[in-house]
1. Looking at (1) surrounded by fewer than 12 Cβ atoms within 10 Å (Cβ to Cβ); (2) out of contact with any helix residue (DSSP H, G or I) (no Cβ under 9 Å at 6 or more places or on another chain), which is the only condition residue 203 fails?
2. Does residue 169 qualify as being within 19 Å of residue 143 (Cα to Cα) and either surrounded by fewer than 14 Cβ atoms within 10 Å (Cβ to Cβ) or touching a strand residue (DSSP E or B) at 6+ places or on another chain (Cβ under 9 Å) (or both)?
3. Any residue at all in segment 179-197 that is closer than 20 Å to residue 234 by Cβ, in a helix (DSSP H, G or I) and under 27 Å from the mean Cα position of the chain (by Cα)?
4. Just to be sure before I move on: is residue 210 surrounded by 14 or more Cβ atoms within 10 Å (Cβ to Cβ), in a helix (DSSP H, G or I) and in the same structural domain as residue 246 (by TED's automatic domain parsing) in the structure I sent?
5. Could you tell me which numbered condition residue 217 fails, if it satisfies all but one of (1) exposed (fewer than 14 other Cβ atoms within 10 Å of the Cβ); (2) in a helix (DSSP H, G or I); (3) within 29 Å of the chain's Cα centre (by Cα)?
6. Filter segment 122-136 down to the residues that are part of a helix (DSSP H, G or I) and surrounded by 14 or more Cβ atoms within 10 Å (Cβ to Cβ), then identify the one that is farthest from the chain's Cα centre (by Cα).
7. Just checking, does segment 137-144 include any residue being part of a helix (DSSP H, G or I) and either in the same structural domain as residue 241 (by TED's automatic domain parsing) or surrounded by 13 or more Cβ atoms within 10 Å (Cβ to Cβ) (or both)?
8. Looking for whichever is modelled with pLDDT of 90 or more, in a helix (DSSP H, G or I) and not assigned by TED's automatic domain parsing to the domain that holds residue 239 here; the options are 93, 99, 110, 56. Which one fits?
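The values are calculated or read from the model by the stated rules, or taken from the named source; none is laboratory data. Remember, it's a predicted structure, so these values are computed and weren't measured experimentally. Here Cβ is always computed from backbone atoms with ideal geometry, including for glycine, and neighbour counts include all displayed protein chains.
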């Protein structure tokens, strides 16, 4: 396939873009940060950043204990004369959803903190996107499974690897149920009972000669998903590899099951 040349000046077009997309995202974030720092002043900016980090940290933890609220170092550093007990009470105030309505600059600081977290994930999305290799199947997969597949890709691109692994297993479950239903192994009431595990579905597929040479990839999908859902997260350093492996296994399984669909 010949290279794609955009319309316009050939010499200029051949040079390519001057900056990567991610540079523009970071530049936009920096402009919003600098504008706020200029308008509120250095000292206020330091306090607002500390409060924003505390608020985002509290929302990230999600389930909190009133007597054991985590106090970020940035907040303790910004308020050195405040006792640990007072800081914990302040954390309780910051955990209240209405606190974001109290000050537009505080809300802006929180937006900056959340955007910073999002960018950390987004900047790796292109490298991850390049590792994805779609495959052709004999038949289209069921629509409910395709919806799972789209979620699988989105979670993988943004680095939510544990979620990606769990969704790959869920996608296999949807595909397996559709194939077993069409093959007459199950009826709709059987599927609604909800007692079928991924490995149990695989066993039915194997006995019905419906999985072919994709049995081992299907087994890996079930086992990885079970580990994530029931035994705990894998070590962080191996999660990216395992999530991509799960996608690759899902593609093999999808082609095999689509042929029976």
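1. For residue 203, the exception is condition (1).
2. So residue 169 fails the test.
3. No, segment 179-197 contains no residue that is closer than 20 Å to residue 234 by Cβ, in a helix (DSSP H, G or I) and under 27 Å from the mean Cα position of the chain (by Cα).
4. no
5. Only one criterion is unmet by residue 217, namely (1).
6. 128
7. Step one: list which residues in segment 137-144 are part of a helix (DSSP H, G or I), which gives 143-144.
From what is left, the residues that are either in the same structural domain as residue 241 (by TED's automatic domain parsing) or surrounded by 13 or more Cβ atoms within 10 Å (Cβ to Cβ) (or both) are 143-144.
Yes: one or more hits.
8. Values: 93 fails: modelled with pLDDT of 90 or more; 99 fails: modelled with pLDDT of 90 or more; 56 fails: modelled with pLDDT of 90 or more.
After ruling out the rest, the residue left standing is 110.
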